[in-house]
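What follows is a set of notes on a single structure, which appears directly below.
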Amino acid sequence: MLCCLISDGIFASMPKVLILLGSKSDEAVMSDCVKYCEWFGIHADMIVASAHRDPDRADELARTARANGYSCVVAAAGMAAALPGVVAARTDLPVIGVPLEGGLPGGVDALYSIVQMPPGLPVATVTVGKAGARNAAVLAARIIALQDESVRKKLEEFRSKGYKLQ
């Protein structure tokens, strides 16, 4: 949890989500995940940590996520999309996988890589691409709302607006 000043010296805990990307080029697609998290009152840290190019960093971030105050992890990757599974193997936090386009048309290769996890290593998988980035933030908010009333109220507001931020 992150503490933030509300007013007149009153501090409140702000839930945190760790967003891991397989590549810097994924930032454009995943920026909506940050935007949606912030709207729900959730602090989001977006970090590039490829399971293939920087496995030690991905491992360290996954292993220390809980100790660093994160409530869940969103992991986005394309093609082989190993990142969400690697993260799920190294943390006990909920992991939300976002498949991204980059290999086969429509990101189907990434979708299959993320959704086909072995028993005992679940990754909640959302839609491919930008819609998936948004859905990952909403799913993270729903997970956090189980214990955070302010996020639950924002989810009610989101629903009343037709599942849009406007």
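The values are calculated or read from the model by the stated rules, or taken from the named source; none is laboratory data. Given the structure is predicted, the values throughout are model-derived calculations rather than measurements. Glycine gets a Cβ as well: all are built from the backbone with ideal geometry, and neighbour counts include every protein chain shown.
Below are the figures for this structure:
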quantity: Near pairs, Cβ below 7 angstrom, 6+ apart or cross-chain, from region 135-159 (touching a residue at least 60 places away in the same chain (Cβ under 8 Å) and under 10 Å from ILE42 (Cβ atoms)) to any residue that is of a type in the set (A, V, I, L, M) and not in a helix (DSSP H, G or I); calculated: ALA140/VAL17; ALA140/ILE42; ALA140/VAL74; ALA140/ILE96; ALA141/ILE42; ILE144/ILE42; VAL151/ILE42
quantity: Residues satisfying the stated conditions in region 88-116, i.e. among the aliphatic types (A, V, I, L, M), over 16 Å from LEU20 (Cβ atoms) and buried (at least 16 other Cβ atoms within 10 Å of the Cβ); calculated: LEU111
quantity: Conditions (1) in contact with a His (Cβ under 9 Å, 6 or more places away or on another chain); (2) within 23 Å of LEU165 (Cβ to Cβ); number of the one not met by VAL73; calculated: (1)
quantity: Any hit, region 145-153, residues being among the acidic types (Asp, Glu), farther than 18 Å from VAL34 by Cβ, at pLDDT below 95 and not in a loop (DSSP other than H, G, I, E, B); calculated: no
quantity: Scan of region 96-122 for residues that are in contact with a Leu (Cβ under 6 Å, 6 or more places away or on another chain) and among the polar types (S, T, N, Q), ordered by number; calculated: none
quantity: Hey, GLN116 out of contact with any Asp or Glu (no Cβ under 7 Å at 6 or more places or on another chain) and over 22 Å from ALA58 (Cα atoms) or not; calculated: no
quantity: Test: GLY41 is on the phi > 0 side of the Ramachandran plot and either part of a strand (DSSP E or B) or of a type outside the set (D, E, K, R) (or both); calculated: yes
quantity: Those residues of region 131-156 which are over 23 Å from MET30 (Cβ atoms) and out of contact with any Leu (no Cβ under 9 Å at 6 or more places or on another chain), in sequence order; calculated: LEU146, GLN147, GLU149, SER150, LYS153, GLU156
quantity: Positions within region 120-141 being touching a Lys or Arg at 6+ places or on another chain (Cβ under 9 Å), part of a helix (DSSP H, G or I) and of a type outside the set (Gly, Ala, Ser), in sequence order; calculated: ARG134
quantity: Residue, surrounded by the fewest Cβ atoms within 10 Å (Cβ to Cβ), within region 28-80, restricted to residues that are of a type in the set (Ser, Thr, Tyr) and farther than 30 Å from GLU157 by Cα; calculated: THR64
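A quick yes/no check of all residues on (1) in contact with a strand residue (DSSP E or B) (Cβ under 8 Å, 6 or more places away or on another chain); (2) aliphatic (A, V, I, L, M); (3) in contact (Cβ under 8 Å) with a residue 60 or more places away in the chain:
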{"site": "TRP39", "(1), (2), (3)": "no, no, yes"}
{"site": "HIS52", "(1), (2), (3)": "no, no, no"}
{"site": "ASP56", "(1), (2), (3)": "no, no, no"}
{"site": "LEU61", "(1), (2), (3)": "yes, yes, no"}
{"site": "ARG66", "(1), (2), (3)": "no, no, no"}
{"site": "TYR70", "(1), (2), (3)": "yes, no, no"}
{"site": "ALA76", "(1), (2), (3)": "yes, yes, yes"}
{"site": "LEU83", "(1), (2), (3)": "yes, yes, yes"}
{"site": "ASP92", "(1), (2), (3)": "no, no, no"}
